[in-house]
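To start, the structure under review is shown below, and the notes come after it.
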Amino acid sequence: MNKILLLVIVCCFSSTTVLAQTAEVKRRINEEKRESLQTTETFSHEKESQRVDTTDTPQSRYFNELLTKRVVSLADACQGLVILMEVDNEYRDFNSQLSFLRREEIVPVTIPSDVNQNKPLRKGLAAILFCRMLNVKGGIWIHLFGLRERYALRELVHERIMSSGYVHERVNGEELIVMLINAADYLSKNKYNEPTVG
């Protein structure tokens, strides 16, 4: 639940930064967001020592770094997926994340295990990763021809998880954040709409 809340906060944060025109305005908005996240409650000395600083978590650093990236890498996508799957504490580095996602059959077998982690993420590959992670069944084209980049992208555009585009387009940081937020929404809706067995 905390991760979904963090994704919602980052969504609000990223939509505000999209509207900002200069670096100075972006910096001011960042400072205002950080101040708004700080609690206004007065803590006793004992409570102050127990309080956890949530503004500098690995997840918040990850999302803040994404906001500055014009092109995200495969490593950024893998880290986002393990955060979304809530296993980021177990798989902290790229190699362990890639191995985990490969075992879960999210990363296609066409990606070698020694792939460069800085390889730019394309929309087509992102669509495959998200379709597999979200277990999106897809339409008739996916059933006829299998999960191909073009059909996966169309399906995720239809599900409002990704924006439209071409499979060879590179993904920027804000786009990846939006994908992660939309994927979290998709997961929560499907989790609560599953039929109960009994």
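The values are calculated or read from the model by the stated rules, or taken from the named source; none is laboratory data. If you're wondering where the values come from, they're calculated on a predicted model, not measured in any experiment. FYI the Cβ positions are ideal-geometry reconstructions off the backbone, even for glycines, and counts take in every protein chain you see.
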- Checklist (1) at pLDDT 95 or above; (2) farther than 27 Å from ASN64 by Cβ; (3) hydrophobic (A, V, I, L, M, F, W, C) applied to LEU81, failing item: (2)
- Message: Let me spell it out: the conditions are (1) part of a helix (DSSP H, G or I); (2) in contact with a Lys or Arg (Cβ under 8 Å, 6 or more places away or on another chain); (3) of a type outside the set (A, V, I, L, M), and TYR166 meets all of them except one. Which number is the exception?
- Response: (1)
- Determine, yes or no, whether LEU153 is surrounded by 15 or more Cβ atoms within 10 Å (Cβ to Cβ), at pLDDT below 95 and touching a Gly at 6+ places or on another chain (Cβ under 7 Å). yes
- Could you tell me whether any residue of region 135-154 is within 20 Å of ALA183 (Cα to Cα), within 14 Å of the chain's Cα centre (by Cα) and not β-branched (Val, Ile, Thr)? no
- In this structure, is ILE106 under 24 Å from GLU155 (Cα atoms), assigned to a helix (DSSP H, G or I) and touching a helix residue (DSSP H, G or I) at 6+ places or on another chain (Cβ under 7 Å)? no
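Of the residues VAL72, VAL115, VAL136, VAL87, which single one is at pLDDT 90 or above and under 24 Å from HIS158 (Cα atoms)?
VAL72
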